[in-house]
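Trainee: Quick one: the structure is below, and I'll ask about it shortly.
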Amino acid sequence: MTSSADERLMRRALILAARAARQGDVPVGAVVVRDGVIVGRGYNRREQRQDATEHAEMMALRQASRRLGSWRLDDCDLYVTLEPCVMCAGAIIQARIRSLVYGAQDPKAGACVSIANLADLAHNHAVAVKGGVLAQESRVLLLDFFRKRRASDRADGSKAQRRRRALSQVPQQANPEQAAPK
């Protein structure tokens, strides 16, 4: 049974997911909640920032940690529109999140029930997991995004064209491995 509070908070995550889609990224949104108050927000920015770690969950966890002044988020709950991947599931465990509520399952990369099970991993923290909250809304947002992306890729000729365009929009930063000028 889904509570009205779960649905209300998932709708906030869906708003962030829609923002990711408008910016050309996979529509996933997340919020971290403590005592009913949102303390962290995030949405996918992998394409925008060309960084594989820019997942909605990671952004929300980072913001919550900064806001609360601790990496331990053991009195917090995470709401995310898509079942977290292995990287994000690991971060959720490491952050000591109390409970995870997600929308749609991710049959290709989900680490709660789809390709792995967060609860089956041997670790020192147990996260309560609840899936399927506003799953249809999350699924429709994802399906619409990928339908439009495939049409755009066909019009452009390939995914490679989209990647080149995305890379041309990322500001060039100095390579951190290079020595600083003296």
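The values are calculated or read from the model by the stated rules, or taken from the named source; none is laboratory data. Keep in mind it's a predicted model, so treat the numbers as computed, not measured. With ideal geometry, Cβ positions are generated from the backbone for all residues, glycine too; neighbour counts draw on all protein chains shown. These accessible areas exclude ligands, DNA and RNA; they are computed on the full protein's heavy atoms, side chains included. Shrake-Rupley method; radii C 1.70, N 1.55, O 1.52, S 1.80 Å.
Trainee: Taking amide H atoms as placed 1.01 Å from N in the peptide plane, list the residues 5 or more away in sequence, or in a different chain, whose amide H sits under 5 Å from that of Thr81.
Mentor: So Thr81 has HN proximity to Gly29, Gly103.
Trainee: Of the accessible area of the chain, with the probe set at 1.4 angstrom, what percent is carbon plus sulfur?
Mentor: Heavy-atom surface of the chain belonging to carbon and sulfur, 1.4 Å probe: 51 percent.
Trainee: Further question on the same structure: Given the options Ala151, Ala122, Ser3, identify the residue whose Cα lies farthest towards the positive end of the charge dipole of the chain (+1 on Cβ of Lys, Arg; -1 on Cβ of Asp, Glu).
Mentor: Ala151
Trainee: Then there is this: Counting heavy atoms of the protein chains only and a 1.4 Å probe, report the per residue accessible area for the chain as a whole number of Å².
Mentor: Ligands and nucleic acids excluded, the figure is 57 Å² per residue.
Trainee: Continuing with this model, one more query. So what's the angle, to the nearest 10 degrees on a 0 to 90 scale, between helix 4-22 and the longest Cα principal axis of the chain?
Mentor: The two axes meet at around 10 degrees.
Trainee: Could I ask something else about it? For Gly40, enumerate residues with amide H under 5 Å from its amide H, sequence gap 5+ or separate chain, H modeled in the peptide plane.
Mentor: Those qualifying (amide H under 5 Å, at least 5 residues apart or on another chain) are Val32.
Trainee: Further question: Please give the contour-minus-distance gain from Ile115 to Arg72: 0.36 nm per residue of separation, less the Cα-Cα distance, rounded to one decimal in nm.
Mentor: Full extension of this stretch gives 12.8 nm more.
Trainee: Do any trypsin sites (Lys or Arg not before Pro) in region 38-116 lie in a DSSP loop with no more than 11 other beta carbon atoms within 10 Å, and if so, which?
Mentor: When the trypsin sites (Lys or Arg not before Pro) of region 38-116 are filtered for loop state and at most 11 Cβ neighbours within 10 Å, Lys108 remain.
Trainee: How large is ³J(HN,Hα), in whole Hz, for each residue of region 69-75 in order, when computed from phi with the Karplus curve 6.51 cos²θ - 1.76 cosθ + 1.60 and θ = phi - 60°, using x for Gly and Pro?
Mentor: Once θ is set to phi - 60°, the couplings for region 69-75 become x, 7, 7, 7, 10, 6, 10 Hz.
Trainee: Pop out the ³J(HN,Hα) list for region 57-62 in order, Karplus 6.51 cos²θ - 1.76 cosθ + 1.60 with θ = phi - 60°, rounded to Hz; leave Gly and Pro as x.
Mentor: 3J(HN,Hα) across region 57-62, in whole Hz: 4, 4, 5, 5, 5, 4.
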